[in-house]
Each structure stands twice: as C-alpha cells, then as structure tokens.
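Novice: Have a look at this one before I ask anything.
What follows draws every value from the coordinates through simple rules; no lab data is involved. None of the values given here were measured: they were computed from a predicted structure. Every residue, glycine as well, gets a Cβ built from its backbone with ideal geometry; the counts of neighbours run over all protein chains shown.
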Amino acid sequence: MTTRLLPAISFEHVTRVFPRTDGQEITALRDLSFAIPKNEFVAFVGPSGCGKSTVLRLIAGLIGPTRGRVAIYGGTVEEPPDMVGIVFQRPTLLPWLDILANVTFPMRHKYGRVTETERKVALELLELVGLSDFARSRPDELSGGMQQRAAIARALLLDPDILLMDEPFSALDALTRDEMAFELLRICALRPKTVVFITHSIPEAVLLADRIVVMTPRPGTIAEIVDNPLPRPRNIDTLSDPLYNELSTRIRNTVFTRRAA
Amino acid sequence: MSFRLASAIRSLRAEPPERRPASRLWLKRLVDRLAPVLTMLGILVLWEIACRVFALPEFLLPSPSAIMRAGLTMSPGEWLGHIGSTLRVALIGYVASILISLPLAVALALSPLLSRTVYPILVVVHSTPIVAVAPIIVVALGVGDLPRVVITGIISFFPLVISTATGILATPDELIELSRSLRATRAREITQIRLPYAVPYIFSALKISITLSVIGAVVAEFVAAERGLGYAILFSTSTFKIPQAFACLAVLVLLSLTLFRLVVFAQNRLFPWSVPREKRG
C-alpha cells in the first residue's frame, strides 16, 4: 500500500485567519508546514493563543485552512475524516447515558444503531482503560480522571488511525494528571496510533511524545521541532532520566527566548 | 463553651451519623417532613383565631371554618364539574403550548435569522397583558373551549420557548464538534445531543408553565364561561358569597400545586439524571 508510506498527517504552508466580531482579522496560524508519519506521537506545546487547538481542528476537518493544504495520507481534508478520534479537554460525556452507552455513542450517533460487535469492542476498550466495573455507571458517579478515561475509550471506538487530544489532562488535578499520562503511554503501547497531543505542559509533552512541536503565539508559527530521544517503553523511571529534565529545560528556554524576542 | 464544643466534636467523631441511635434519626426525619405541614396548619389556626377574636366580617376575610362550610354546600357533582372544566382547559392549553414551543425553540436556537425576526414578536406577545387581550380573543374565536385554550396557551408558552432555546444553546461546543467530526446528520445532533441536554431547562420551564396554564384557564373563565373554578369565583363574589369564593380559590391552589408536583414527579421518574443528585427522591 503506497498510501501507508505517505505521512499520516501533513500541513503544507497552512495559514488560518479568523474574522473577529469587530470586523478585524486575527491570524491564528501562519505558514505552517510539517509532516507526521504513521504511528508517531507528536505533542504541540506553546502558550495559550498560539493556535494549538486550531491545528487540531484543521486535522479533524472541523475547520478549513485559509491558505495551504491539510492532508491525511496524502488526501486533502475537506470534511471530517473517518479515521480520526477526538478527546477534548473536558470529558463531555452524556449524563443521560451509562458509561457503556457513552463509549458506543459515536456508533449510534453516526449510524443510528449499535451492533453487538461494537458493544463487545466497547467493553474491550473499557477494559483497556481500566473501567470494566463501571460499564453500567452514570458519568456523574465517576471521578474526573475516570470520566476522561471513558472519553478516551469513546474516541477509540471506531478504531481511528489518528487520535487527536486537545489538552486532555489539563482539567485534572496534578496527581491524576501524571497517572493519566502513564495510562496513555500504556494504551498507546497496546494500540499504536498516530497521536496529536495538544498541551501547555512541557514535561507532559516530553514524557509522552516522539517529537515535540514548539509553537509561538500571534500569529501561531513553529519555533522548533524537537526529536525526543527518550527510550521507550517509558514509565515512572523516565521522570528521573537526566535526559528528561535536559529536554524539558531546553524546550522551556526555546519558549521563553522566543517570547522575549 | 469551647470545651463543650470540643467534646461535641469528639463525640461526633466517636459516633458517626449512621451509628447514632436510630430512633433519634427517625424523629429528625419525621420533623423535617412534617415541618412544612405543621407551619401551614399553624397559619390556618391563627387565621381562625384572628377571625373569631376580632369578629372580622365575612366579606372581608372569612374564617377557614366558614370557607370549609361554604365549600361543603356545593355538591361533589358541582365541584367536579368546575374542577373538570378548569383542568381540561388548563391541560389542553398546556399540551398545545408544549407542542408549539419545543419545535419553535429548536428553530429559534439554530437559526439566527429566525431568532432575529421571530423573537421580538414573541416578546411583544408576552408583554401584552393577557387579561386585556382575553376579551378580544373571545370575541374573535367565539364561545367554547377554543378561545380558552388559546388564552392558556399564550400565557404558558413563553417560558417554554425561552428556556428550551437556552438549554439547546447551552450544549457544550465539544459535543457539537464530536457530532460534526462523526458527520452525523443535523437531526441526530438535535435529537441525540441538543434536546436531551436541554431537558433540565425544559423541565424548569414546564414547572412554571403548568401553574401559568391554570392562571390562563381562570382568566379565560373570567371573560366567558358558564363553568369552571374561575367562573365559580366570579359568580360567588357577584352574589356576595365570599366564603364560597375562598373555597374555590383554595381548590384552585390545590389544583395548581398538584399539577406542579406531577411535573416534578414526571421529571424524577423519566429523567432522573436531569435532577441534581441531592434532590433525587
């Protein structure tokens, strides 16, 4: 399959301009170009307002570029593609459905029905994210971290090639946040995906990603793309690896010098 | 003082709530439940005493016992006729306003153009005093249930439209993005995400509207009716049977309260998730 040799996601000179209510325009992204190979984990870090979320919405086909081209396996994204799953900052589970029904919701929402096969897939996913015992629970009976695990299971239901995560752990408390990062490492080791992970936490990006795209704000541009040499599998010991701190510091310096300039 | 507080805290620690003597807990629950009823009874007793002590004339303020007696002079058949008539108009008007408001609210919430054009009209209709319009509606639509249902509908639909539209627009953006990323149809977006999300909003409006529709039915009966609790009040006062008017009023209040409780019950039964956890019964 030649398509598999193409990058999973590619941006070619992508600019995105948003009209503001006062009639002026705001350039969220300017001339962005990069390519993400299949099954790579890429983190986008940068301060708020650097257009990180815009990158994610462009890949998801929720918005289009003003100029340039966004492609998935070489094909231009013109509408939301099939092989993409999204995890948002908030779990946004539906409070009237139990966890199992929430995980199968994409199926019901897209095709109007849920088959027995999907229900089995959903149960497997719940096991993967450690929520087997909560299939029949309501979202409000779960903690924030558990709700976000359910949201990850929901994003994986249609077995997407690409997983888009928009600051998925930033609404969680610090301890749960670390726990969820290790959880995500485990899930990604079991189910390799092309992951685009938006975050404003540099240590989180260094712990998780194969490559880190450092962005600068207004207009959003790429400051640097950093290869992450930290070996896999990564776990709690990775945090005490000198390389981990070195890389975090380097990226932090990039962000701050760019800002000061 | 501080010592007593400290020992009280210690005793609480030593004895968590569930291990307190069961009888005391049971008593506390009973008091909690009965307190509103007892307050109500207390007011009635005070009212009765005040009427007797100050010998208030009946046309100013009849005593509860006089109201009760006046109520009993009407036959059960008469009562049922009045209650049935008011209830029918209120409920038909209520259901009609629900059937109109829900689709209208969806349309208003999803179309900025429609919202800009129709919303001001709704505000105008809502700002017009219903009591002033009621006679005109009766003249236009003739006698019968139709004008009464229309009057009831007009007064009860506004909160429903506004609250439902607000609920539909309160749906988190992420869920709409999820829906769009799945390329789901607009119809599914509305039925599977937006409308369920609006359920708590819809029910808070349903609770307001049910009492409003009883008011609407009474207003309609004031203008043109030969039966119903509103008509009975008007008729009693015109013949100076003030206790009887009060009896009708009491029944009207009970009717309103019962209907309100039914809506609360329906929400608890049908959509328990939409009720805050601590209020679930």
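Novice: Does region A:160-172 include one or more residues that are in contact (Cβ under 8 Å) with a residue 12 or more places away in the chain, at positive phi, out of contact with any Asp or Glu (no Cβ under 9 Å at 6 or more places or on another chain) and buried (at least 18 other Cβ atoms within 10 Å of the Cβ)?
Specialist: Yes, some residue in region A:160-172 is in contact (Cβ under 8 Å) with a residue 12 or more places away in the chain, at positive phi, out of contact with any Asp or Glu (no Cβ under 9 Å at 6 or more places or on another chain) and buried (at least 18 other Cβ atoms within 10 Å of the Cβ).
Novice: Follow-up question, since we're still on this one. Tally time: how many residues in region A:173-184 are among the β-branched types (V, I, T) and buried (at least 21 other Cβ atoms within 10 Å of the Cβ)?
Specialist: Count: 0.
Novice: Of the residues B:F271, B:F246, B:F260, B:F265, only one is of a type outside the set (G, A, S), surrounded by fewer than 17 Cβ atoms within 10 Å (Cβ to Cβ), more than 14 Å from chain A (Cβ to nearest Cβ) and touching a residue at least 12 places away in the same chain (Cβ under 8 Å); which?
Specialist: B:F260
Novice: Looking at region A:72-87, which of its residues are within 9 Å of another protein chain (Cβ to nearest Cβ), in a strand (DSSP E or B) and out of contact with any helix residue (DSSP H, G or I) (no Cβ under 7 Å at 6 or more places or on another chain)?
Specialist: Within region A:72-87, no residue meets the criteria.
Novice: Please find, within region B:157-205, the residue that is surrounded by the most Cβ atoms within 10 Å (Cβ to Cβ) out of those that are of a type in the set (G, A, S) and within 14 Å of chain A (Cβ to nearest Cβ).
Specialist: Ranking the candidates gives B:A198 first.
Novice: Being at the interface with another protein chain (Cβ under 10 Å from one of its Cβ atoms), basic (K, R) and not in a helix (DSSP H, G or I) is true for just one of A:R57, A:R90. Which residue is that?
Specialist: It is A:R90.
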